[in-house]
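First up is the structure itself, then whatever we jot down about it.
None of the figures in this text is laboratory data; all of them are computed from the coordinates on show. Note that the structure is predicted; figures quoted are calculated from it, not measured. Ideal geometry is used to build each Cβ from the backbone, glycine not excepted, and the neighbour counts take in all protein chains shown.
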Amino acid sequence: MAINPATLKLAFKIVTSAASDEKTRQVILIACLVPFIVVLLVLSSPFAIFFSTIGDGTNNDSVTVMNVMLELKKEFVEKIHIEQNDLSVDGIHTIIMGSEDNSIIDNSSDVLIVFAAKYNVTDEDAEQLAVLTEKQVEKLRKVFWNMNTIHSEIESISEKVTHTTTDGKGNTIEETKTITTKVKTIYVDCLSADELASVYNFNSVQIRVMDEMKKSGLGLLVTNNENLFLSREQIEEIKSSIPDGMTIERKEMVEIAKSIVGKVNYFWGGKSNAINWD
């Protein structure tokens, strides 16, 4: 949530003036500053990539890094489908490298971790990742396509086939033909962070930071994030599992909340200027 600078300044003035001595003021000052210092440290660290937005950070409709990753994953799947819809061949096989069930591996989290380690964890020219510029987004896309590749091979297979027919006099006639078929094999490779760390020749510090980012579990924010909203069917399924003992008061509260979805936006301080919505 954004913090109003004027409100913050006023609160700081009231708290410090309320202190009766210098030691108390120092304690209050430290208590106020520590959370902000922690936030600043996170925003300047590689972990900021999991929460970053695109642009100058002032647009209310900011695009998040999760949106970017979702678009990249869709683009990746579309490219695979284009390869699979090749009408110039007689047969197509798709092989997902490293996948036990031959399903596409979602390495979105690894992509962000590699990107952060490459462009934030450096001795010189380290980039902030809290708000990505368009230039940084292009770098992110490049990392994604380095880690998600598609290539195909077409093999021509020739086979001799013998057909037996009978002519009008009842004589058996054998005819041998050579039939050539084209078989296309699509290889899809979704590399892990460790695999690309070797390609990028990461140093020990970058590898250690990558390990810490993987242990944090924050990568789950961008993995399988298509289902960010519930469908009407999913909502009805949840409602059907509500216990029979649910009181009417609780149900009414939920119904009232549902009735103003899309009508009441977030308000600074929790108060709206619109009539009937306070």
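So the values come out like this:
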item: Condition met for residue 189 (of a type outside the set (S, T, N, Q), surrounded by 12 or more Cβ atoms within 10 Å (Cβ to Cβ) and out of contact with any strand residue (DSSP E or B) (no Cβ under 6 Å at 6 or more places or on another chain)); result: no
item: Count of segment 128-169 residues which are of a type in the set (Gly, Ala, Ser) and under 30 Å from residue 54 (Cβ atoms); result: 1
item: Members of segment 177-222 that are under 30 Å from residue 159 (Cβ atoms) and under 22 Å from the mean Cα position of the chain (by Cα); result: 188
